[in-house]
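Visitor: Would you mind keeping the following structure in view while I ask a few things?
The values are calculated or read from the model by the stated rules, or taken from the named source; none is laboratory data. Treat the numbers as computed from the prediction; the structure is a model and nothing was measured. All Cβ positions, even for glycine, are placed from backbone atoms using ideal geometry, and neighbour counts span all protein chains on display.
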Amino acid sequence: MVAHPDDIDFMAAGSIAGWTDAGITVSYCIVTNGDAGGFDATVDRSAIAGIRQAEQRAAAQAVGVKDVRFLGWPDGRVEVSLDLRRAIAAVIRDVRPQRVLTPAPLRNLVRTPASHPDHIAVGEATMCAVYPDARNPFAFVEHTDFASLDPWTVSEVWVSALEQANHYVDVTDTYDRKIAALRSHVSQSPGVSDLDALLRGWLGSQAQQAGLPEGRLAEAFWVIDTA
């Protein structure tokens with residue numbers, strides 16, 4: 001559950017590739033269409049949402065994900081609201097996941113780009129949807145599209161982009177698929193001058209924090225028991 005196309009690929013594409021290889025079914029829910037993104041001023045702004053949706057679907061295929069959903073909130077204007085909580089909780093009730101991965105609902109004061117306001121809002125709304133909304137049979141009963149879905153309790157939440165972590169995933173063997181997923185976001189690529197160097201520095205540092213051998217790469221999370 002993330003804010004923009006490409007968020008999930010920066011956060012966790014290596015981990016997700018490992019999950020799908022192990023037979024785990026993964027669904028993506030992207031709250032916006034990324035319509036405020038891109039770098040080419042000659043591209044009609046009305047086309048950006050469709051471009052970014054297509055890029056995210058291609059990125060998902062690179063790591064074995066087939067189910068990609070977009071909620072259509074305006075990019076750059078996401079706020080924690082009851083409507084957003086209900087929409088996210090409805091997806092949770094429909095997909096019925098054991099694990100939900102989402103951005104941190106807190107500002108990262110070390111790594112500013114991790115804390116886009118949309119990321120923080122989606123993280124907080126997702127935490128609210130996990131508890132109490134999705135599991136509460138009496139939540140949002142006035143909305144028939146929500147109340148008609150059976151309640152669901154998520155077992156665990158994996159939070160990305162916090163300043164600390166309590167769980168690391170070695171993604172060395174799936175790194176090529178992570179970078180392939182990120183390179184699917186062609187409209188965003190001018191924003192990173194050397195993607196490989198950026199990722200290897202970032203993931204290598206996290207691997208060191210995890211105590212992994214030299215040369216390994218890791219994605220970092222804060223895992224919460226929400227059962």
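Visitor: I'd like to verify a number: residues in the range 56-72 that are surrounded by 20 or more Cβ atoms within 10 Å (Cβ to Cβ) and touching a residue at least 60 places away in the same chain (Cβ under 8 Å), how many?
Guide: Here is the first cut: in the range 56-72, the ones surrounded by 20 or more Cβ atoms within 10 Å (Cβ to Cβ) are 56, 59-60, 62-63, 65.
Now restrict to residues that are touching a residue at least 60 places away in the same chain (Cβ under 8 Å): 56, 59-60, 62-63.
Within the range 56-72, residues that are surrounded by 20 or more Cβ atoms within 10 Å (Cβ to Cβ) and touching a residue at least 60 places away in the same chain (Cβ under 8 Å) number 5.
Visitor: Filter the range 176-193 down to residues that are among the small types (G, A, S) and within 15 Å of P5 (Cα to Cα) and give me whichever is surrounded by the most Cβ atoms within 10 Å (Cβ to Cβ). Walk me through it before giving the result.
Guide: So in the range 176-193, the residues among the small types (G, A, S) come out as 180-181, 184, 187, 189, 191, 193.
Next, from what is left, pick out any that are within 15 Å of P5 (Cα to Cα): 180-181, 184, 187, 189, 191.
On the way: A180: 17, A181: 27, S184: 22, S187: 20, S189: 15, G191: 13.
So, considering only residues that are among the small types (G, A, S) and within 15 Å of P5 (Cα to Cα), the one surrounded by the most Cβ atoms within 10 Å (Cβ to Cβ) is A181.
Visitor: Now for a separate question. From the set of residues in the range 143-157 that are small (G, A, S) and under 15 Å from P132 (Cα atoms), which is modelled with the highest pLDDT?
Guide: Step one: of the range 143-157, the residues small (G, A, S) are 147-148, 155.
If we keep only those that are under 15 Å from P132 (Cα atoms) as well, we get 147, 155.
On the way: A147: 91, S155: 98.
Across the range 143-157, the extreme among qualifying residues is S155.
Visitor: Which one is farthest from T102 (Cα to Cα) among residues in the range 126-168 that are of a type in the set (D, E, K, R) and assigned to a helix (DSSP H, G or I)? Working first, answer last.
Guide: Initially, the range 126-168 is screened for residues of a type in the set (D, E, K, R), giving 133, 135, 142, 145, 150, 156, 163.
Next cut, assigned to a helix (DSSP H, G or I) only: 133, 145.
Values: D133: 16, D145: 23 Å.
Among those that are of a type in the set (D, E, K, R) and assigned to a helix (DSSP H, G or I), it is D145.
Visitor: Here is a list: G34, G14. Which entry is over 15 Å from K178 (Cα atoms) and either in contact (Cβ under 8 Å) with a residue 12 or more places away in the chain or hydrophobic (A, V, I, L, M, F, W, C) (or both)? Quick ask: steps written out before the conclusion?
Guide: Working: G14 fails: over 15 Å from K178 (Cα atoms).
Of the residues listed, the single one that is over 15 Å from K178 (Cα atoms) and either in contact (Cβ under 8 Å) with a residue 12 or more places away in the chain or hydrophobic (A, V, I, L, M, F, W, C) (or both) is G34.
Visitor: Of everything in the range 23-39, what is crowded, with 23+ Cβ neighbours inside 10 Å, outside any strand (DSSP E or B) and either among the hydrophobic types (A, V, I, L, M, F, W, C) or modelled with pLDDT of 95 or more (or both)? Give them in sequence order.
Guide: If the condition is that a residue be crowded, with 23+ Cβ neighbours inside 10 Å, outside any strand (DSSP E or B) and either among the hydrophobic types (A, V, I, L, M, F, W, C) or modelled with pLDDT of 95 or more (or both), then no residue fits.
Quick grid of which residues meet (1) at pLDDT 95 or above; (2) small (G, A, S); (3) surrounded by 13 or more Cβ atoms within 10 Å (Cβ to Cβ):
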site: P137; (1), (2), (3): yes, no, no
site: V141; (1), (2), (3): no, no, no
site: V159; (1), (2), (3): yes, no, yes
site: N166; (1), (2), (3): yes, no, no
site: A220; (1), (2), (3): yes, yes, yes
site: V223; (1), (2), (3): yes, no, yes
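Visitor: Let me ask something else about it. Can you tell me which of (1) in contact with an Asp or Glu (Cβ under 8 Å, 6 or more places away or on another chain); (2) closer than 27 Å to I24 by Cα; (3) outside any helix (DSSP H, G or I) is the one T174 doesn't meet?
Guide: Here T174 meets the rest and fails (3).
Visitor: Suppose we keep only residues that are of a type in the set (G, A, S) and in contact (Cβ under 8 Å) with a residue 40 or more places away in the chain within the range 88-126. Which one would you say is surrounded by the fewest Cβ atoms within 10 Å (Cβ to Cβ)? Don't jump to the end; show me each part of the working.
Guide: Initially, the range 88-126 is screened for residues of a type in the set (G, A, S), giving 89-90, 104, 114-115, 121, 123, 125.
After this cut, where a residue has to be in contact (Cβ under 8 Å) with a residue 40 or more places away in the chain as well, the list is 89-90, 104, 114-115, 121, 125.
Details: A89: 26, A90: 21, A104: 22, A114: 20, S115: 18, A121: 21, A125: 29.
Applying the filter and picking the extreme gives S115.
Visitor: Does D196 satisfy the criteria of being loosely packed, with under 13 Cβ neighbours inside 10 Å and charged (D, E, K, R)?
Guide: Yes; evaluated as a whole, the condition is true for this residue.
Visitor: Next up: Name the residues in the range 184-227 that are among the charged types (D, E, K, R), over 19 Å from D170 (Cα atoms) and either in contact with a helix residue (DSSP H, G or I) (Cβ under 6 Å, 6 or more places away or on another chain) or touching a residue at least 12 places away in the same chain (Cβ under 8 Å) (or both), would you? Step through it out loud before you land on a result.
Guide: Of the range 184-227, the ones among the charged types (D, E, K, R) are 194, 196, 200, 214, 216, 219, 225.
This time we only want the ones that are over 19 Å from D170 (Cα atoms), so: 194, 225.
Of everything in the range 184-227, just one residue is among the charged types (D, E, K, R), over 19 Å from D170 (Cα atoms) and either in contact with a helix residue (DSSP H, G or I) (Cβ under 6 Å, 6 or more places away or on another chain) or touching a residue at least 12 places away in the same chain (Cβ under 8 Å) (or both), namely D225.
Visitor: Return the pairs, sorted by first residue and then second, in which the second residue is of a type in the set (K, R) and assigned to a helix (DSSP H, G or I), the first residue lies in the range 43-55 and is in contact (Cβ under 8 Å) with a residue 60 or more places away in the chain and farther than 24 Å from K178 by Cβ, the beta carbons are less than 9 Å apart, and the residues are 6+ apart or on different chains.
Guide: Qualifying pairs under 9 Å: none.
Visitor: Now for a different question. Can you tell me which residue among T20, T42 is assigned to a loop (DSSP other than H, G, I, E, B), surrounded by fewer than 22 Cβ atoms within 10 Å (Cβ to Cβ) and among the hydroxyl-bearing types (S, T, Y)? Explain how you work it out, then say what you get.
Guide: Numbers: T20 fails: assigned to a loop (DSSP other than H, G, I, E, B).
When all the criteria are applied, what remains is T42.
Visitor: Quick one: is A114 in a helix (DSSP H, G or I), modelled with pLDDT under 95 and out of contact with any His (no Cβ under 9 Å at 6 or more places or on another chain)?
Guide: Details: in a helix (DSSP H, G or I): yes; modelled with pLDDT under 95: yes; out of contact with any His (no Cβ under 9 Å at 6 or more places or on another chain): yes.
Yes, satisfied.
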